[in-house]
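Derivation of every value follows stated rules applied to the coordinates shown; laboratory data play no part. For clarity, every value in this text was computed on a predicted model and none was experimentally measured. Reconstructed Cβ throughout: ideal geometry from the backbone, glycine too, with neighbour counts over all protein chains shown.
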Amino acid sequence: MQFHTQMYQKLTYIWVMIPEKFISVFDMFKIAVGPSSSHTLGPWRAAQMCLKQVASYEGIDNIQSIQILLYGSLAKTGKGHGTDMAILMGLMGEDPIVTDTSLLITKIERIKATHELVLNNTYTIPFTYEKDIQFLKDKSLPHHPNAMQFLVQTILEQRIFTYYSIGGGFVEEGAYAPDAGGKVNAQDAGEKVNTRNIDAKVIEPAEVPFNFLTTDELVHWCMKTGFSISDVVRENEKANLTDTFIDAQLDTIWNVMQQCVFNGCKTEGILPGGLQVRRRAFDLNNKLLQNQSYTSIEEWSSLIKKGGHDFKYILDWVSCFALAVNEENASFGRVVTAPTNGAAGVIPAVLFYAILFCDKNNPNDIRRFLLTASAIGVLFKNGATISAAMGGCQAEIGVSAAMAAAALTELLGGNQKQALMAAEIAMEHHLGLTCDPVGGLVQIPCIERNTMGAIKAITAAQLALQSKPDFALVSLDKVIKTMWNTALDMNVKYKETADGGLAIQIPIALAEC
Ligand code: SF4
């Protein structure tokens, strides 16, 4: 078994090192529904793609049946992560950006009760949940642990569509073929699909002025041009988009992030899934505000600012922001992948810290923060992974902390090398972090872990601001390489399978849902 795992990882290693298409800030930050970018958003998008492809061949009204096969990590933790729900929502034609998240459970229950699925909200096929979604926990496809297949029977033939959810909501399309008794070539998955929220073309690296795959290349452009990291990213985005569009989209991303924090702070109760985890942001928020009332985000923010700058007060708020996001995420709320759903609380928490406690509340500050953070995410995606199924939690919380640390450093006046040093420090102290979600739910240790990621990011930024990067022994490229090598060495039970770590220390019998 170990031998096969190593083989798979080697294959994957080769695949990851193939240069990506240009990765935009809008690939890195995507508006999504919780609880997981790889297990919820990716499968949701894959279902939409599948329907689109069938529509282009024969038309949706020729579909007679659809069966969904989930492999590897998607099978093992898919129920806790809402993979089944996400795929059904995608097949119904719902979009994660605009769907009414309060209706998700009702819609899924209706499918289970009626044994009918309304494709694209227009065409009904028979669908038996227990039979037509299969969680193949003992099987995996060789290309990536997060694999899924759609067996689509139309009037003419059966087609198999294979997709891989490779982390952060990114999806790769596998080979598809008529099922003529042969097998789908599951390794043939070179097609990278644009799953971003905006309708803009995917461009090649050669089309941007300052393409970079490594820290050295990013530093090269910064030194050559004098641009900050956020400037470099913006110039690259401008190869495809206007400044006005970029600003508007970044503002939308921040609005969703802050609304998510606000919602999480206002919502009390028990999180869904059966673990009986109590929401804590609500109580903490009320305690810190001494139960003062407010009606808007602006009023709430100003009350927080009036509380002062005591260290413990700030620490409590940073934790509260992160808890709020990930409690929303755990309850199928709307979040922004940053770079994943499980780690979605780190960046908003650190950005709120910058806005409320460091007076960085100018819209341009917020945009710069997001642009710089995305550059760090790109370095990790190109040089290692942002998928917990590939690299454990270092790939999620570790990467989000590195992104936030670099962005905060730039915002607080650090130079480019200091920002990159902050990212290195943040990841260095997340190396080896495993993914072991209890019950396969994105709750324990995930929610608290975002508070730790946020605080480490702030500490890393402060350390970098007080340091001289030219004397640092460990570069960001070296730590990215170390993270990837650690991912290769990590036992598969610590990679989003819920087969090891905390997941097996907490005896829990979750109801099938
Ligand atoms: S342990 Fe980390 S990587 Fe795993 S699901 Fe939770 S947040 Fe994501």
Here are Ala354, Ala389: which of them is hydrophobic (A, V, I, L, M, F, W, C), in contact with a Lys or Arg (Cβ under 8 Å, 6 or more places away or on another chain), touching a residue at least 12 places away in the same chain (Cβ under 8 Å) and within 28 Å of Thr99 (Cβ to Cβ)?
Ala389
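Residue-by-condition table, conditions (1) in contact with a Gly (Cβ under 6 Å, 6 or more places away or on another chain); (2) surrounded by 24 or more Cβ atoms within 10 Å (Cβ to Cβ); (3) more than 16 Å from Asp132 (Cα to Cα):
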| residue | (1), (2), (3) |
| --- | --- |
| Met49 | no, no, yes |
| Val54 | no, no, yes |
| Ile63 | no, no, no |
| Gln67 | no, no, no |
| Leu70 | yes, yes, no |
| Leu88 | no, yes, no |
| Gly93 | no, no, yes |
Within segment 429-444, of all residues that are touching a His at 6+ places or on another chain (Cβ under 9 Å) and near the ligand (Cβ under 7 Å from one of its atoms), the one farthest from Asn491 (Cα to Cα) is Val442
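Restricting attention to segment 103-136, and to residues there that are part of a loop (DSSP other than H, G, I, E, B) and touching a strand residue (DSSP E or B) at 6+ places or on another chain (Cβ under 9 Å), which single residue is surrounded by the fewest Cβ atoms within 10 Å (Cβ to Cβ)?
Step one: filter segment 103-136 for residues part of a loop (DSSP other than H, G, I, E, B), giving 115, 120-122, 127-128.
Next cut, touching a strand residue (DSSP E or B) at 6+ places or on another chain (Cβ under 9 Å) only: 115, 127.
Working: His115: 13, Phe127: 22.
Only one residue fits best here, namely His115.
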Pairs under 7 Å by beta carbon, first residue hydroxyl-bearing (Ser, Thr, Tyr) in segment 482-498, partner in a helix (DSSP H, G or I), six or more apart or different chains?
Thr486/Gln394; Tyr494/Gly392; Thr497/Ser73; Thr497/Lys76; Thr497/Thr77
Among (1) away from the ligand (no atom under 15 Å from the Cβ); (2) farther than 22 Å from Ala464 by Cβ; (3) part of a loop (DSSP other than H, G, I, E, B); (4) of a type outside the set (D, E, K, R) - the single one Ala324 does not satisfy
(3)
Out of (1) surrounded by fewer than 20 Cβ atoms within 10 Å (Cβ to Cβ); (2) in contact (Cβ under 8 Å) with a residue 12 or more places away in the chain, what's the single condition that is false for Gln462?
(2)
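For segment 392-421, how many residues are of a type in the set (Gly, Ala, Ser) and within 12 Å of the ligand (Cβ to nearest atom)? Full working, then the answer.
Filtering segment 392-421 for residues of a type in the set (Gly, Ala, Ser) gives 392, 395, 398, 400-402, 404-407, 413-414, 419.
Then drop every residue that is not within 12 Å of the ligand (Cβ to nearest atom), which leaves 392, 395, 398, 400-401.
So the count comes out to 5.
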Collect the residues in segment 224-261 that are part of a helix (DSSP H, G or I), of a type in the set (Ser, Thr, Tyr) and without any contact (Cβ under 8 Å) to a residue 40 or more places away in the chain, keeping them in residue-number order.
Thr225, Thr244
Can you tell me which residue in segment 342-359 is farthest from the chain's Cα centre (by Cα), limited to those that are within 18 Å of Ile376 (Cβ to Cβ) and outside any helix (DSSP H, G or I)?
Gly345
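Output the number of residues of segment 438-491 satisfying the condition of being closer than 19 Å to Leu412 by Cβ and out of contact with any Leu (no Cβ under 9 Å at 6 or more places or on another chain).
As a first pass, look at segment 438-491 and keep what is closer than 19 Å to Leu412 by Cβ: 453-469, 472, 476.
Add one more test, that the residue is out of contact with any Leu (no Cβ under 9 Å at 6 or more places or on another chain), and what stays is 453-454, 456, 459, 463, 466-468, 472.
So the count comes out to 9.
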Check on Ala389, more than 14 Å from the ligand (Cβ to nearest atom) and either part of a helix (DSSP H, G or I) or surrounded by fewer than 24 Cβ atoms within 10 Å (Cβ to Cβ) (or both):
no
Just one of (1) in a helix (DSSP H, G or I); (2) among the polar types (S, T, N, Q); (3) within 27 Å of Cys393 (Cβ to Cβ) trips up Ser302, so point out which.
(3)
